[in-house]
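Throughout, read-outs are computed from the coordinates displayed, never taken from laboratory work. For clarity, every value in this text was computed on a predicted model and none was experimentally measured. Don't worry about glycine lacking a Cβ; one is built from the backbone with ideal geometry, like all the others, and counts go over all protein chains shown.
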Amino acid sequence: MLDDRKTAILRAIVEEYIATALPVGSSHIAKSQEFAVSSATVRNDMAALEREGFLTQPHTSAGRIPTDKGYRFFVDNLVPNGSLGSLEQAKVGSFFESAHFRLEETLQRTSTLLTQLTNYASVVIGPSVEVAVVRSVQLVRLSSHHLTVVVVLSNGSVENEQLEISQDVSDENILNAVFKLQKLMLQAPLRDIQLMRDANQKLVDDISPLCEKVLASLDRTRNDESFFVGGASQMAEAFDAVEIVRNVLHTLEQQYVVVTLVRDMLNRGLSVAIGAEHGVAPLSACSVVLAPVLADGENVGTVGVLGPTRMNYPQALATVELVSDRLGRRLTEN
C-alpha cells in the first residue's frame with residue numbers, strides 16, 4: 001500500500017496527465033502548494049512509484065505518465081464522487097423529458113448524448129426483444145383483406161405485422177381473436193411464441209386459424225439486443241498513433257466484439273476496465289466505463305463510454321451513472 005505522500009503524488013500526476021496529455025515532471029509537482037517538499041524528494045517518490053509499476057517514463061529526459069496500474073489505483077482509491085455541472089445535468093434532464101420516441105430512436109439518441117457530454121465513443125445496449133414480455137396485442141382491420149397486428153412489449157418496443165385475411169373474417173371474429181390472443185400472450189415473453197401456438201392449436205374453434213396466422217407472423221428470430229455506438233470519430237482525435245486509431249475504429253464496427261466485451265465486464269463485476277483489463281487486444285490503449293440500465297428493478301441494458309486510458313474518470317463515471325439512471329426511469333415510464 002502506498003503511503004500518503006506517494007498516493008498524493010500519484011493522484012496529482014494522473015490528474016495533470018488527464019488534463020494535458022503531457023508527461024509530468026517532479027518540479028511541476030513540487031511547485032504545488034499541496035506538497036511542502038523539495039523537487040528532489042518528489043523525484044525520489046516518483047522513481048519509487050515507477051519501480052512499483054504505477055508510473056512510466058516515455059523518454060529518458062521526460063517526466064512520468066501513469067501506467068494502467070496507476071490508473072487502476074486512481075480509480076479504485078482516489079476518484080472522488082464526481083457530479084456533472086449544472087449545465088450538463090440540465091442537458092440530460094431536458095433530453096429525457098422530451099425523449100418520447102420509439103425505443104430504437106431513444107437508444108440511438110442516448111448514445112449521441114453520451115458522446116456530446118464526454119467527447120468519448122459511447123456504447124448503448126438496449127433491452128432484449130426476445131425476453132421482453134407482451135404488454136398489449138391488438139388487431140386493426142385495414143381493409144376487407146388485410147389486418148395489422150400491433151404488439152407492445154415491456155421494453156418499450158412495438159412489433160407491427162400485416163396479414164392477409166379472407167373476406168369472411170368479420171369484425172366480431174377479430175374482436176374475439178384479440179380477446180383470445182390477450183389470454184395467450186399477455187405477460188409472456190416473445191421467445192415463447194411456439195408455446196402460444198401449441199396452446200392455440202389445442203383449442204379448436206372458429207377463430208383459432210386467425211390466431212394461428214397472427215402467432216405465426218410473430219414467430220421469427222430477432223436480434224438479441226438493440227446496439228448503438230456513437231462518437232467513433234472522437235476516438236480518432238484521442239490518439240497520435242495512426243495504427244491505434246485504425247485498430248480502435250475497426251473494433252468498434254464489430255458489434256459482436258463490443259457486446260461480448262460489455263457482457264464479460266458485467267459478468268466480472270467491473271464498471272471500469274482499464275487498458276488490457278477488458279481482454280480485447282485492439283482496444284488495449286482504451287478504457288471502458290459502464291453502468292447497467294435498470295427498469296422496474298430489472299437489468300434491461302447497458303450504457304457506457306470508451307476512451308483513451310487517460311480519460312477523465314470522475315466525469316465519465318458521473319455521466320454514465322446519471323444517463324443510465326434517467327434512461328432506466330424513461331423505460332420504466334414507458
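When a footprinting reagent is the concern and you count Cβ atoms within 10 Å, what order do Glu243, Glu50 take, fewest first?
So the ranking, lowest neighbour count to highest, is Glu243, Glu50.
Using alpha carbons only, how many degrees (0 to 90, rounded to 10) separate the axis of helix 171-185 from the longest principal axis of the chain?
It works out to around 40 degrees.
Quick check for you: which residues of the range 295-332 have the amide N under 19 Å from the point 7 Å beyond the Cα of Val245 toward its beta carbon?
Label zone hits: 306-311.
For the range 177-227, which trypsin sites (Lys or Arg not before Pro) pass both filters: DSSP loop (anything but H, G, I, E, B) and at most 13 other C-beta atoms within 10 Å? Please list the in-between numbers first.
On the way: sites: Lys180, Lys183, Arg191, Arg197, Lys202, Lys213, Arg220, Arg222; in loops: Lys202, Arg220, Arg222.
Filter output for the range 177-227: Lys202, Arg220.
DSSP loop chymotrypsin sites (Phe, Trp or Tyr not before Pro) in the range 86-188 with at most 15 other Cβ atoms within 10 Å of their Cβ, which ones?
Numbers: sites: Phe95, Phe96, Phe101, Tyr120, Phe179; in loops: Phe101, Tyr120.
In loop regions of the range 86-188 (DSSP not H, G, I, E or B), the sparsely surrounded chymotrypsin sites (Phe, Trp or Tyr not before Pro) are Phe101.
Only residues of the range 287-312 count here: report those whose backbone N is under 15 Å from the spot 7 Å along Cα→Cβ of Val79, or say none.
Output list for this probe position: 287-292, 303-312.
Could you check the simple spin-label distance between Thr260 and Phe179, using points 7 Å along Cα→Cβ, in nm with one decimal?
5.2 nm
Any chance you could give the angle, 0 to 90 degrees and rounded to 10, that helix 208-218 forms with the longest Cα principal axis of the chain?
20 degrees
Taking the chain as the reference, fit the longest principal axis to its C-alpha atoms, fit the long axis of helix 255-267 to the helix C-alpha atoms, and give the angle between the two in degrees, 0 to 90, nearest 10.
70 degrees
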